1. Filtering region 435-477 down to residues that are surrounded by fewer than 17 Cβ atoms within 10 Å (Cβ to Cβ) and small (Gly, Ala, Ser), which residue is nearest to PHE342 (Cα to Cα)?
2. Is it fair to say LYS326 is among the basic types (Lys, Arg) and closer than 21 Å to ASN454 by Cα?
3. Condition first: over 14 Å from LEU388 (Cα atoms) and surrounded by 13 or more Cβ atoms within 10 Å (Cβ to Cβ). Now tell me which residues in region 420-434 satisfy that.
4. For region 216-237, does any single residue satisfy the condition of being in the same structural domain as PHE103 (by TED's automatic domain parsing) and in a helix (DSSP H, G or I)?
5. Sort out which residues of region 500-516 are under 19 Å from ALA461 (Cβ atoms) and either buried (at least 17 other Cβ atoms within 10 Å of the Cβ) or among the aliphatic types (A, V, I, L, M) (or both), and write them in order of number.
6. Taking ALA279 as the residue in question, decide whether it is in a strand (DSSP E or B), closer than 22 Å to ASN152 by Cα, assigned by TED's automatic domain parsing to the domain that holds ARG175 and not polar (S, T, N, Q).
7. I'd like the full set of residues that are without any contact (Cβ under 8 Å) to a residue 24 or more places away in the chain and β-branched (Val, Ile, Thr), limited to region 29-65.
8. Considering only region 93-108, state which residues are crowded, with 24+ Cβ neighbours inside 10 Å and either out of contact with any helix residue (DSSP H, G or I) (no Cβ under 8 Å at 6 or more places or on another chain) or modelled with pLDDT under 95 (or both).
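The values are calculated or read from the model by the stated rules, or taken from the named source; none is laboratory data. Because the structure is predicted, anything quoted here is derived from the model rather than measured. Methodologically, a virtual Cβ is constructed for each residue, glycine included, from the backbone with ideal geometry; neighbour enumeration extends over all protein chains shown.
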Amino acid sequence: MDISIKPGVPDDDNRDYLPEKCKNSDIVVNENGNNSQPYPERLKEFTAVLADGVEDTWYEYVPASYDGTKDVPLVFSMHGGLMTGWGQAIYTSWTLMADRDGFIVVFPNAHQGRAWELQWGYWGVTPEETAPGDKNSHPVGLKESPDNVLENHDVKMILALMDLINSKYRIDKGRVFMQGMSMGNMMTSLFARNLGNKLAGAAGAACSTFLSLMYDENYRIKNIGGPLAIWETRPETNNIPEDIEFQKKINKYNRLYWMRLNGCNVIPRISIQGENNLAFYEGRNADVVYLDVKNRDHGQSFDDAALVWDYLFSGIRRNADGKIEKIPYTLERKGDEFALAFAENASMAWISGEVVNMEKPAFKWKKLKYHGLDGGVKVRGEYLMAPLSILAKAFGAELSYGDDTLSAEISFSPDRLAGSCKPACRKMRFSKASIGCVVDNTVRQMYCEAVHRNGELYVSAEWFAGAAFNMTVSECEGVVYITDHFSHLSLYMADLIRDILDGCAVPDNYDSMGDF
């Protein structure tokens, strides 16, 4: 069915965490980077004793299209710490996707103090003690006990809810999924690593899982649940832990855990859509999707659920033999039709999904401004310089050099497409050390001068793509990504691309993580 987002009543002055007055109201709030929707009319609260003789609360969302005549998928969505099931419902687009595609969503409450029972006793550690994701130390009270996961009350509650929902509704038992945010992501990870065989897929947003829960001291994978289709969302400004290099490591090793377990190709298909930076990994056992969201704080974007459903959950099921089967996805998982990427000091380039060797690496070059005969110098810009030979290859142009290689001409065919863009000119002429470029027999200034190295000319990749093809160019931490559509390269995708272009898409210990 067609869906629309119901208008809401803003309440930006209310800074309480998850204001209770949002419940059963049209109030919308923006907290911690998470925008809400008005409380869904069909969201129903239930309370019952499900396990251990104690009472639990959960929320069910059954779309109007459900009539009990056919089996439908089931999604469990797990809230963040100090939140509630209904809070997770308003902070996500799961109910909208359920309306559109006719599946049921359950939003459980964590039993104890709005905090899931995980594998540690206390979350409130200081950076001086340790931080989530630390490989060699644990937060205060951390208990690693995967063998006792069935003694965990919240796990028992979820298993009981699965049985209860199956008895109430016609559920496709091969299409049961789980997704969580922040502490709910940790709970989803716990369930996936230990009981993943009860799901077809799992997804999580915000901070990664402690590496010590995923690997032993030799970085061999610890897992009971087996391969599972996985989605990981890592917001660019998550800041848990605060050290960026540490974040890169734990995000990378969370991704590698499921890539290795699922038997994935190590080079993904990459698609950057606005702020959403997507990497699609194909696996022989199951797939992995990695999402880095530009300029997004700790939490989950409002469209996260829609992306998870459209690109992963909609296209998988677990068959009776336990294997993950692919069925048609709502949205086709493909890389950007045209994409060009360079990384500072890397000797490879990314051209529309292919890794291409260059003779010499791309490098940064500063545009300098001098003041007076004895004046100082100011940096007016810093740009990533790429060889004309690779730029010509990427854009399907013809390149010719003068005999001394100090000047060059690039010719474009007006009928040739690069993605969906036509060339903005027919010819460009470049000369060593000149900031000027002749474009269709007139003079244009580039960002910085052409540099002669290694027997050819290098120019700013950012300037070339924009001037020749009106491309979208974004830069992050020494990586430049060029596409023919709206896109913003984000921190962790830049780190992923840099690894690929440095020839280390996976670390040296990848094969020793285990055989699956």
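1. If we take residues in region 435-477 being surrounded by fewer than 17 Cβ atoms within 10 Å (Cβ to Cβ) and small (Gly, Ala, Ser), then GLY466 is nearest to PHE342 (Cα to Cα).
2. Values: among the basic types (Lys, Arg): yes; closer than 21 Å to ASN454 by Cα: no.
Answer is no for this residue.
3. Matches in region 420-434: CYS421, LYS422, PRO423, ALA424, CYS425, ARG426, SER434.
4. At the first step, the residues of region 216-237 found to be in the same structural domain as PHE103 (by TED's automatic domain parsing) are 216-237.
Subsequent filtering for residues that are in a helix (DSSP H, G or I) retains none.
No: region 216-237 contains no residue that is in the same structural domain as PHE103 (by TED's automatic domain parsing) and in a helix (DSSP H, G or I).
5. Residues of region 500-516 that are under 19 Å from ALA461 (Cβ atoms), as a first pass: 500-502.
Hits for region 500-516 are ILE500, LEU501.
6. Values: in a strand (DSSP E or B): yes; closer than 22 Å to ASN152 by Cα: no; assigned by TED's automatic domain parsing to the domain that holds ARG175: yes; not polar (S, T, N, Q): yes.
No; evaluated as a whole, the condition is false for this residue.
7. Within region 29-65, VAL29, THR47, VAL49 qualify.
8. Selection gives ALA98 alone.
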